[in-house]
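> Submitted below is the structure of interest, expressed as structure tokens.
The values are calculated or read from the model by the stated rules, or taken from the named source; none is laboratory data. Please read these numbers as outputs of a predicted model, since none were measured by experiment. Ideal geometry is used to build each Cβ from the backbone, glycine not excepted, and the neighbour counts take in all protein chains shown.
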There are 2 protein chains.
Amino acid sequence: MGVDNNSISVSLEKLERFIAAALRRAGLPEADAATVAGLMAQADLQGSDGHGIIRLPQYIRRIRSGGINVRPDIRVVADMPGMAIVDGDNGMGHLVVSRATELAIDKARTQGAAWVGTRRSNHAGPASLYSAMPLRHDMVGIYFAVGNANHLPPWGGTDMLLSTNPISVGVPAGDEPPVVLDMATTVAAYGKVKAKAKRGEMMPEGWMIDREGRPLLDPTRSDEGFLMPIGGHKGYGLALIVGLLAGTLNGAAMGRDVVDFNKDHVTPTNTGQAMLVLNLAAFGPVGGFKEAVDRLVGDLRGSARMPGTDRIWIPGEQSHARRQRYRETGIPVSRGVAAELDQLARELEIPPLA
Amino acid sequence: MGVDNNSISVSLEKLERFIAAALRRAGLPEADAATVAGLMAQADLQGSDGHGIIRLPQYIRRIRSGGINVRPDIRVVADMPGMAIVDGDNGMGHLVVSRATELAIDKARTQGAAWVGTRRSNHAGPASLYSAMPLRHDMVGIYFAVGNANHLPPWGGTDMLLSTNPISVGVPAGDEPPVVLDMATTVAAYGKVKAKAKRGEMMPEGWMIDREGRPLLDPTRSDEGFLMPIGGHKGYGLALIVGLLAGTLNGAAMGRDVVDFNKDHVTPTNTGQAMLVLNLAAFGPVGGFKEAVDRLVGDLRGSARMPGTDRIWIPGEQSHARRQRYRETGIPVSRGVAAELDQLARELEIPPLA
């Protein structure tokens, strides 16, 4: 069923089933395929459309090229009470980061706070999937990742040595939706550039510049320029720090070692991520904290507004609303992506998406 | 001795001695006065001139108004192996954050990672003083703080419910200077606005806007507008998250509870800060990590450059260079600030600065 001329609408369950079938056919064990499919479908459900099913053809291509280990031995290679490093054995990033997050949650139960990094992981979808995992345990999740392609030069430079290295933080609330920030350290994430290209749209000024510093608006020409960091030199600094914490510290790729997984489907990416979990109960009464968050959210939302602003949003609130809406209406999938997925279904000999 | 028409030059030792004398005269015990003076002078030495001796008259005014406890009982009020909360008993922020950082370093020795928050603290100067403390222990410092005056509305709003809430991260290197990021989540820190006003200079466009959204350039009119967050809604999200982690989580002030310490010299600020320390040795060989950082720094610095860029800087590198230079030449203090300090010396009946 079409929701408009440019997209079709697909239920969460159908999306999940299709992704799982494709991943199983590509060689993932049933349980792993279900885990990855669940997380990828959640990405689309919350509107992170640059990181959900749109990535499936690329993941499948990489798996079939031998660039992903479909039977990884994911294991802890460094361990102290308040930290660990998880070696992903080049498995799907979703599995590696889920494992790291579960371990950080377990450690935070007894330590109050715990940091778990990953190495030899892979692209894992939107950061907020993971920073939100500790929420139902009444814990805060703080997540950093090294992006999977360098599109950002150091400030003043033109060598693309840095990625969009995202930061995501999930904070429990009471009656309000949790506060969930998920941001690339660039003005736009590269996934959004790719999504614009797939939809045949132009980019707004400020997302990218070319090598002479001129605005770059055509997403199909993204190879001719680079992403802009937020706040100029500040965003460059943040991207660098996130890369040091999520990459270098874990023995994962950073700087010139980052593999462009949009172009190279074979070389292991050695992706690094890091998850910090804080256990609310260690800091004081959980109920009191949640009330304080609710009150703050209410104050922010109730602020007087600038002319032309209809509503003040809290980070994560729009994704929360989308999740509720798309559960009712189905998830929009652009016709361009749907056509690619039909092609993929034929190649894999699995039932089509819709 | 004058370095130019607008400033005099003062040695680090003289600066420290003057600050310590003023704080002792205001009632701080000798050891505490020395600790605070050392950190304040370090701020000026690294060029954080919005956060060093320029703040002394304001600190003294607050102490003499009873707004700071000069004999605080700084103590741990929540404690698990990987976290703690330090209650500052309304003492000078420099003392409270130093104590929290030392505790986080101690915990990280045995836990690998540790998070220590503060409540009932106060303004503590530039964030990088604290994120850099773990460096000599071969540890990473990650620091968040709630700013001491709200100058930032939620994105789209005009009620100033958020502060410049800074993030600072210190990462050890080998032969290179450590990588030290210190950034407000606004385009400019409010301390920089105050410094512009004291120097009689205008602000560049983009630092502040007025309530109708027009650029505000005159720093003496800063009350008529607000600071701009970096990356628009992203900076708003970051400022909110930093406030939740450094303030709300510790039972410290956030949102409407933040006291404007530029205007109110009496009400306890209940300032919150948070320090996360990661012990490099827990993650792998320290030497290997430092080599990787050096190599990355070399790659970034060696990048091809945009037209008009003379040099690519690494976060913390300019402060590092300033520390070395000012140790030789003395630290520049603007004549406006020097005149205020002369006045302060007369009031306190201590020897003048220069």
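> Restricting to region A:161-179, name every residue that is more than 9 Å from chain B (Cβ to nearest Cβ) and more than 26 Å from B:ASN250 (Cα to Cα).
A:SER163, A:THR164, A:ASN165
> Do we find that B:ARG120 is more than 26 Å from B:SER222 (Cβ to Cβ), of a type outside the set (S, T, N, Q) and free of Cβ contacts under 8 Å to residues at least 24 places away in the same chain in this structure?
Spelling it out, it is not the case that B:ARG120 is more than 26 Å from B:SER222 (Cβ to Cβ), of a type outside the set (S, T, N, Q) and free of Cβ contacts under 8 Å to residues at least 24 places away in the same chain.
> Would you confirm whether or not region A:134-146 contains a residue that is touching a helix residue (DSSP H, G or I) at 6+ places or on another chain (Cβ under 6 Å), modelled with pLDDT under 95 and within 13 Å of chain B (Cβ to nearest Cβ)?
No, because not a single residue in region A:134-146 is touching a helix residue (DSSP H, G or I) at 6+ places or on another chain (Cβ under 6 Å), modelled with pLDDT under 95 and within 13 Å of chain B (Cβ to nearest Cβ).
> Another question, then. Report the residue count in region A:282-298 for those that are farther than 29 Å from A:PRO81 by Cα and surrounded by fewer than 19 Cβ atoms within 10 Å (Cβ to Cβ).
4
> Looking at A:ASP73, A:ASP87, A:ASP79, can you tell me which residue is surrounded by fewer than 18 Cβ atoms within 10 Å (Cβ to Cβ), within 14 Å of chain B (Cβ to nearest Cβ) and out of contact with any Phe, Trp or Tyr (no Cβ under 7 Å at 6 or more places or on another chain)?
Answer to the selection: A:ASP79.
> Just to confirm my filter: which helices (runs of 4 or more DSSP H) fall fully inside region A:256-354 and include at least 3 residues that are at pLDDT below 95? Walk me through how you get there before you give the answer.
Values: elements: A:280-283, A:286-301, A:317-329, A:335-348.
So the answer is A:335-348.
> Now a separate question. What number of residues within region B:241-262 are among the hydrophobic types (A, V, I, L, M, F, W, C) and closer than 29 Å to B:LYS198 by Cα?
6
> Which condition number does A:ALA184 fail, the rest of (1) over 17 Å from A:SER319 (Cα atoms); (2) at pLDDT below 95; (3) not β-branched (Val, Ile, Thr) being met?
Tallying (1) over 17 Å from A:SER319 (Cα atoms); (2) at pLDDT below 95; (3) not β-branched (Val, Ile, Thr), A:ALA184 fails exactly one: (1).
> For region B:226-241, give me each residue that is crowded, with 22+ Cβ neighbours inside 10 Å and facing chain A (nearest Cβ under 9 Å).
B:PRO229, B:ILE230, B:GLY231, B:LYS234, B:GLY235, B:TYR236, B:GLY237, B:LEU238, B:LEU240, B:ILE241
> Taking into account only those residues within region B:119-132 that are away from every other protein chain (no Cβ under 12 Å) and over 13 Å from the mean Cα position of the chain (by Cα), which is surrounded by the most Cβ atoms within 10 Å (Cβ to Cβ)?
B:SER121
> Being surrounded by 14 or more Cβ atoms within 10 Å (Cβ to Cβ), facing chain B (nearest Cβ under 9 Å) and not β-branched (Val, Ile, Thr) is the requirement here; does A:ASN279 meet it?
Yes.
> Restrict the check to region B:230-242 and report whether at least one residue is assigned by TED's automatic domain parsing to the domain that holds B:GLY91, in contact with a helix residue (DSSP H, G or I) (Cβ under 8 Å, 6 or more places away or on another chain) and not in a loop (DSSP other than H, G, I, E, B).
Yes, some residue in region B:230-242 is assigned by TED's automatic domain parsing to the domain that holds B:GLY91, in contact with a helix residue (DSSP H, G or I) (Cβ under 8 Å, 6 or more places away or on another chain) and not in a loop (DSSP other than H, G, I, E, B).
> Could you check region A:263-276 and list, in sequence order, the residues that are within 11 Å of chain B (Cβ to nearest Cβ) and out of contact with any Ser or Thr (no Cβ under 8 Å at 6 or more places or on another chain)?
A:LEU276
> Now for a separate question. For A:MET254, work out the one condition from (1) in contact (Cβ under 8 Å) with a residue 12 or more places away in the chain; (2) within 7 Å of chain B (Cβ to nearest Cβ); (3) surrounded by fewer than 16 Cβ atoms within 10 Å (Cβ to Cβ) it doesn't fulfil.
That leaves (3) as the condition not met.
> Kindly list, by first and then second residue, each pair from a residue in region B:218-231 that is without any contact (Cβ under 8 Å) to a residue 40 or more places away in the chain to a residue that is of a type in the set (Val, Ile, Thr), limited to pairs with Cβ atoms under 7 Å and residues at least 6 apart or on different chains.
B:PRO219/B:VAL193; B:GLY225/B:ILE209; B:GLY231/A:VAL187; B:GLY231/A:ILE230
> Answer yes or no: is there a residue in region B:194-214 that is closer than 20 Å to A:GLY235 by Cβ and among the small types (Gly, Ala, Ser).
yes
> Also, quick follow-up: What is the number of the single condition among (1) more than 19 Å from A:SER98 (Cβ to Cβ); (2) at pLDDT 95 or above that A:HIS151 does not meet?
So the condition that A:HIS151 fails would be (2).
> When residues of region A:291-339 are filtered for being in contact with a Leu (Cβ under 8 Å, 6 or more places away or on another chain), more than 8 Å from chain B (Cβ to nearest Cβ) and either among the basic types (Lys, Arg) or without any contact (Cβ under 8 Å) to a residue 60 or more places away in the chain (or both), how many remain?
3
> Can you name the helices (runs of 4 or more DSSP H) wholly within region A:24-127 that have at least 3 residues being of a type outside the set (Lys, Arg), under 19 Å from B:GLY112 (Cβ atoms) and not assigned by TED's automatic domain parsing to the domain that holds A:SER9?
Correct list: A:93-111.
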